[in-house]
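The values are calculated or read from the model by the stated rules, or taken from the named source; none is laboratory data. Quantities reported herein were computed from a predicted structural model and do not represent experimental measurements. Neighbour counts are summed over all protein chains in view; Cβ atoms, including those assigned to glycine, are modelled from backbone coordinates with ideal geometry. All accessible areas refer to the heavy atoms of the entire protein, side chains included, with ligands and DNA or RNA removed. Shrake-Rupley method; radii C 1.70, N 1.55, O 1.52, S 1.80 Å.
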Amino acid sequence: MRLGADYYPEHWDKARWKTDADMMVNANIKLIRMAEFAWSLFEPEDGRYEFDWLDEAIEFFAEYGIKIVLCTPSATPPKWMVDKHPDIYQDDIHGNPKLFGTRKHYCFNSDYYREKTRILVEKIAERYGNHPSLDSWQVDNELGWANTVRCYCDKCKKKFQLYVKNKYKTIDNLNKSYGTVFWSQIYNSFDEVIIPRAGACYDTCHNTQGQNPSLLLDFYRFSSDSIISFSEESINAIKKYSDKPVTTNLLDASVNSGTGIDYFKLSEVYDFVTWDNYIEFQWGIAKNETVSKDHSLIRSYKKQPFWVMEQQSGPCGWSKMGPAPTPGKLRLWTYSAVANGADTVVYFRWRACPFGTEEYWHGILGHDGKPNRRYDEIAQVGKEMEKLSKIYGPLQPKARVAIIKSFDSEWSHSIHQHVEGFDYDALLEAYYKPFFDMGIPVDFVYPEEDLSNYNLVFAPALIMVNENGKKNIESYVNKGGKLLVSFRSGIKDMNNNMLMETVPGVFSDLAGVEIHDYDPQFQKETKVSASFGEGVASLWCDVISLTTAKSLGVYVNDYYAGQSCFTVNNKGAGQVYYLGCDLDASAMEKLAKYLCDKAGIPVNLYYIPGVEVVEATDDKENALFVMNHNDYPVVVPLSKKYSDLLKDEKIEEVIHLAPYDLAILK
Ligand code: GAL
């Protein structure tokens with residue numbers, strides 16, 4: 001378990017480096033990440049490369065034993081390049097270029113940009129690939145950040161036409177698959193196929209401009225694949241000269257909506273994954289369960305230890321700032337990452353920069369570079385990490401509960417939302433939250449992933465699933481698994497067209513139900529009464545008819561009062577629950593407890609709101625993290641005797657935690 005800091009040697013006078021290095025060593029900062037925006041230093045003019053500035057910095061910090069995460073600087077193509085080749089600009093949905101002046105102003109499908117990137121990355125990898133201080137590589141920075149996953153330029157259009165040609169082979173096949181007979185959209189050749197720029201109906205339906213849903217989904221897949229193939233080019237360029245592991249920093253699903261990229265697929269091409277965790281800043285304040293869910297998602301993409309590559313370390317924002325992290329929070333956030341499976345936490349950034357767009361973005365140090373209370377807090381964490389690292393290897397929670405996350409489903413839901421207020425990510429979080437509260441770890445899985453390790457699997461709004469995914473889920477149930485399928489599952493084909501089978505289509509036989517009527521809850525709510533307790537639906541109500549399932553719950557008002565909302569079906573050695581509606585938070589909690597009971601998962605009855613409890617293991621020893629996110633002290637009951645590793649004390653019965661304090665118990 002290590003700490004690091006994001007560092008920009010080029011922002012500071014060289015005379016300052018020594019103070020920084022001394023302070024880092026004192027705080028047990030073991031590595032620094034560098035160079036992700038330094039293209040114009042590496043290549044100040046077309047074809048003229050300069051490395052002295054970085055040689056000097058790497059050698060300097062090597063003297064202090066500080067390791068380097070070296071980045072490829074492709075997130076900021078320099079001015080000379082865009083002037084020479086304005087066609088590298090990414091176009092927005094109206095076809096206007098996203099011009100120079102910020103960052104991310106490039107199209108992933110520009111051959112010229114890709115070639116210039118490949119040449120530079122190879123040069124960097126050749127020069128530093130075997131440097132003893134090199135720890136690992138980061139490709140680009142936050143791929144797709146600021147809504148740059150989908151580009152609407154002519155280059156993308158040409159490549160998209162090729163993509164659909166490879167996929168559908170004949171234009172007739174594409175026309176059938178897309179249903180272009182609707183609104184007279186039949187194409188005569190692949191050259192005619194459009195990319196979904198703003199059309200005449202843009203103002204009516206901003207999200208998707210009322211475009212063909214099959215074309216939109218393919219365009220989203222194509223855009224995600226473009227970033228994955230761009231990644232592979234940079235990774236290959238690095239691997240030619242270096243055997244150090246390669247990563248990229250992912251975005252959280254919640255505040256930044258980074259999920260225009262299929263992160264399961266993207267993670268396959270990287271050696272490990274990392275993400276950027278901003279919790280209280282200009283663009284929002286994340287809930288505890290949201291941060292925990294995002295950690296779990298990131299851990300799940302590769303099912304191995306991950307890093308936080310940018311962990312908030314001060315008040316931050318561009319034009320306006322979020323609050324200063326209250327004393328204790330930086331430490332708490334770090335441990336929450338570690339408890340949920342991170343083995344390295346890198347703080348963004350070492351010191352606040354006095355110039356540029358992010359002059360308000362505070363790091364560990366303020367603009368004056370002097371030690372402050374944030375530095376002291378991180379130095380304390382650094383000391384504690386040293387101690388922990390002697391006891392444990394990388395820690396991972398071992399989940400027995402899984403939630404299926406499908407990017408195809410996510411994109412399909414974003415294209416056609418079903419009803420005002422429906423949000424796929426929010427629905428997944430609603431399923432995650434009760435487990436977070438109860439201290440029960442949850443993994444996220446893709447539909448085709450091995451499910452055999454889980455006692456309980458949720459498929460919330462899994463609107464489409466391919467043949468392999470379907471078989472995988474069926475075989476999990478047949479072998480004794482417990483599965484919950486929710487409303488809006490199994491009703492579309494992989495082309496984003498509605499199935500003509502009775503709802504829930506793909507899952508009808510498995511769940512033993514048919515839905516002949518449903519009621520989107522537009523400006524209304526419906527109460528339910530079920531085996532787990534009572535609740536309220538405010539998004540959707542499927543009126544369930546039983547085929548082989550048994551009813552476990554009914555609606556209690558509206559015209560479908562008395563009809564089923566919740567069922568169970570025995571299938572093979574397993575059970576399939578079908579929940580036809582959404583539920584309020586308190587009913588979700590009751591449902592989670594009910595299903596844990598059925599699946600033999602012990603429930604912690606003494607959990608306390610705002611106290612995050614995570615048990616993790618390094619496969620030899622367990623560590624119980626108890627973390628108080630509340631601004632008041634709490635007393636947490638314990639079921640066993642423990643030793644408190646940070647305080648070197650024996651603990652029995654209860655543990656007292658001050659606001660934002662935590663304990664690691666063995
Ligand atoms: C991240 C980004 C960093 C920095 C930080 C503060 O999204 O990766 O480079 O910009 O936010 O805005």
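Hey, among the residues in region 267-284 that are within 16 Å of the ligand (Cβ to nearest atom) and of a type in the set (A, V, I, L, M, F, W, C), which one's modelled with the lowest pLDDT?
Filtering region 267-284 for residues that are within 16 Å of the ligand (Cβ to nearest atom) and of a type in the set (A, V, I, L, M, F, W, C), the one modelled with the lowest pLDDT comes out as W283.
With the condition kept exactly as written, say whether any residue in region 113-128 is within 16 Å of the ligand (Cβ to nearest atom) and buried (at least 19 other Cβ atoms within 10 Å of the Cβ).
Narrowing region 113-128 to residues within 16 Å of the ligand (Cβ to nearest atom): none.
Checked region 113-128: no residue is within 16 Å of the ligand (Cβ to nearest atom) and buried (at least 19 other Cβ atoms within 10 Å of the Cβ).
Out of region 290-323, which residues are within 15 Å of the ligand (Cβ to nearest atom) and open to solvent by 20 Å² or more (accessible area, probe 1.4 Å)?
W318, S319, K320, M321
Pairs needed: first member in region 575-599, more than 17 Å from V513 (Cβ to Cβ) and not assigned by TED's automatic domain parsing to the domain that holds S538; second member anywhere, part of a helix (DSSP H, G or I) and open to solvent by 10 Å² or more (accessible area, probe 1.4 Å); C-beta distance under 6 Å; at least 6 residues apart or different chains.
The qualifying pairs do not exist here.
Provide a single number: the residues in region 354-375 that are under 18 Å from G4 (Cβ atoms) and either within 13 Å of the ligand (Cβ to nearest atom) or charged (D, E, K, R) (or both).
Within region 354-375, residues that are under 18 Å from G4 (Cβ atoms) and either within 13 Å of the ligand (Cβ to nearest atom) or charged (D, E, K, R) (or both) number 4.
Please enumerate the residues belonging to region 447-480 that are part of a loop (DSSP other than H, G, I, E, B), closer than 26 Å to V603 by Cα and open to solvent by less than 10 Å² (accessible area, probe 1.4 Å).
Across region 447-480, the qualifying residues are L451, P460, A461.
Being within 14 Å of the ligand (Cβ to nearest atom) and in a loop (DSSP other than H, G, I, E, B) is the filter here; which residues of region 7-36 pass it?
Result: Y7, Y8, A35, E36.
State all residues of region 57-77 that are away from the ligand (no atom under 16 Å from the Cβ) and either touching a strand residue (DSSP E or B) at 6+ places or on another chain (Cβ under 9 Å) or β-branched (V, I, T) (or both); if no residue qualifies, say none. Write out each step before concluding.
Quick first cut of region 57-77, residues away from the ligand (no atom under 16 Å from the Cβ) only: 57-68.
If the condition is that a residue be away from the ligand (no atom under 16 Å from the Cβ) and either touching a strand residue (DSSP E or B) at 6+ places or on another chain (Cβ under 9 Å) or β-branched (V, I, T) (or both), then A57, I58, F61, A62, G65, I66, K67, I68 are the ones that fit.
With the requirement that a residue be among the aliphatic types (A, V, I, L, M) and in contact with a Leu (Cβ under 8 Å, 6 or more places away or on another chain), what does region 441-482 give you?
Our first condition is that a residue be among the aliphatic types (A, V, I, L, M); within region 441-482, this holds for 442, 445, 451, 456-457, 459, 461-465, 473, 477.
Across region 441-482, the qualifying residues are V445, L456, V457, A459, A461, I473, V477.
Is it the case, given these coordinates, that T259 is in a loop (DSSP other than H, G, I, E, B) and within 16 Å of the ligand (Cβ to nearest atom)? If you could, list the steps in order and put the result at the bottom.
Values: in a loop (DSSP other than H, G, I, E, B): yes; within 16 Å of the ligand (Cβ to nearest atom): yes.
The answer is yes for T259.
Hey, among the residues in region 601-610 that are touching a residue at least 12 places away in the same chain (Cβ under 8 Å) and over 14 Å from V457 (Cβ atoms), which one's most open to solvent (accessible area, probe 1.4 Å)? If you could, list the steps in order and put the result at the bottom.
Initial filter on region 601-610 (touching a residue at least 12 places away in the same chain (Cβ under 8 Å)): 601, 603-604, 606-610.
Those left that are additionally over 14 Å from V457 (Cβ atoms): 603-604, 606-610.
Details: V603: 43, N604: 54, Y606: 148, Y607: 51, I608: 40, P609: 93, G610: 20 Å².
Applying the filter and picking the extreme gives Y606.
In region 413-436, which residues are of a type in the set (S, T, N, Q) and outside any helix (DSSP H, G or I)? Please lay out each step first, then the result.
Looking only at region 413-436, we keep the residues that are of a type in the set (S, T, N, Q), and these are 414, 417.
Answer for region 413-436, where residues must be of a type in the set (S, T, N, Q) and outside any helix (DSSP H, G or I): just Q417.
Within region 137-154, can one find any residue that is modelled with pLDDT of 95 or more, crowded, with 19+ Cβ neighbours inside 10 Å, charged (D, E, K, R) and outside any loop (DSSP other than H, G, I, E, B)?
Scanning region 137-154 turns up no residue that is modelled with pLDDT of 95 or more, crowded, with 19+ Cβ neighbours inside 10 Å, charged (D, E, K, R) and outside any loop (DSSP other than H, G, I, E, B).
Of the conditions (1) under 26 Å from the mean Cα position of the chain (by Cα); (2) more than 16 Å from the ligand (Cβ to nearest atom); (3) in contact (Cβ under 8 Å) with a residue 60 or more places away in the chain, C107 fails just one. Which one is it?
(3)
Return the residue satisfying two criteria in turn: it lies in region 37-51 and is part of a loop (DSSP other than H, G, I, E, B) and either of a type in the set (D, E, K, R) or within 16 Å of the ligand (Cβ to nearest atom) (or both), and of such residues it is farthest from F100 (Cα to Cα).
Here is the first cut: in region 37-51, the residues part of a loop (DSSP other than H, G, I, E, B) are 37-38, 43-44, 46-47, 49-51.
Keeping just the survivors that are either of a type in the set (D, E, K, R) or within 16 Å of the ligand (Cβ to nearest atom) (or both) gives 37-38, 43, 46, 50.
Numbers: F37: 14, A38: 15, E43: 17, D46: 17, E50: 22 Å.
Across region 37-51, the extreme among qualifying residues is E50.
Tell me whether region 183-203 contains one or more residues that are on the phi > 0 side of the Ramachandran plot and loosely packed, with under 15 Cβ neighbours inside 10 Å. Steps first, answer last, please.
If we filter region 183-203 for residues that are on the phi > 0 side of the Ramachandran plot, which is where we start, we get 183-184.
Applying the additional criterion that residues be loosely packed, with under 15 Cβ neighbours inside 10 Å yields 183-184.
Yes.
Against the condition open to solvent by 60 Å² or more (accessible area, probe 1.4 Å), on the phi > 0 side of the Ramachandran plot, away from the ligand (no atom under 16 Å from the Cβ) and not assigned by TED's automatic domain parsing to the domain that holds D52, how does K169 come out, does it pass? I'd like the intermediate steps shown before the answer.
Numbers: open to solvent by 60 Å² or more (accessible area, probe 1.4 Å): yes; on the phi > 0 side of the Ramachandran plot: yes; away from the ligand (no atom under 16 Å from the Cβ): yes; not assigned by TED's automatic domain parsing to the domain that holds D52: yes.
It is true that K169 is open to solvent by 60 Å² or more (accessible area, probe 1.4 Å), on the phi > 0 side of the Ramachandran plot, away from the ligand (no atom under 16 Å from the Cβ) and not assigned by TED's automatic domain parsing to the domain that holds D52.
Working only within region 372-412, note down all residues that are open to solvent by less than 20 Å² (accessible area, probe 1.4 Å) and assigned to a loop (DSSP other than H, G, I, E, B).
Y392, L395, P397, A399, K405, S406
Failed condition for E59, given (1) in contact with a Ser or Thr (Cβ under 9 Å, 6 or more places away or on another chain); (2) assigned to a helix (DSSP H, G or I); (3) surrounded by 13 or more Cβ atoms within 10 Å (Cβ to Cβ), with all others met?
Just one mismatch for E59, condition (3).
Out of region 155-193, which residues are among the aromatic types (F, W, Y), touching a Leu at 6+ places or on another chain (Cβ under 8 Å) and not in a loop (DSSP other than H, G, I, E, B)?
Within region 155-193, Y168, Y178, F190 qualify.
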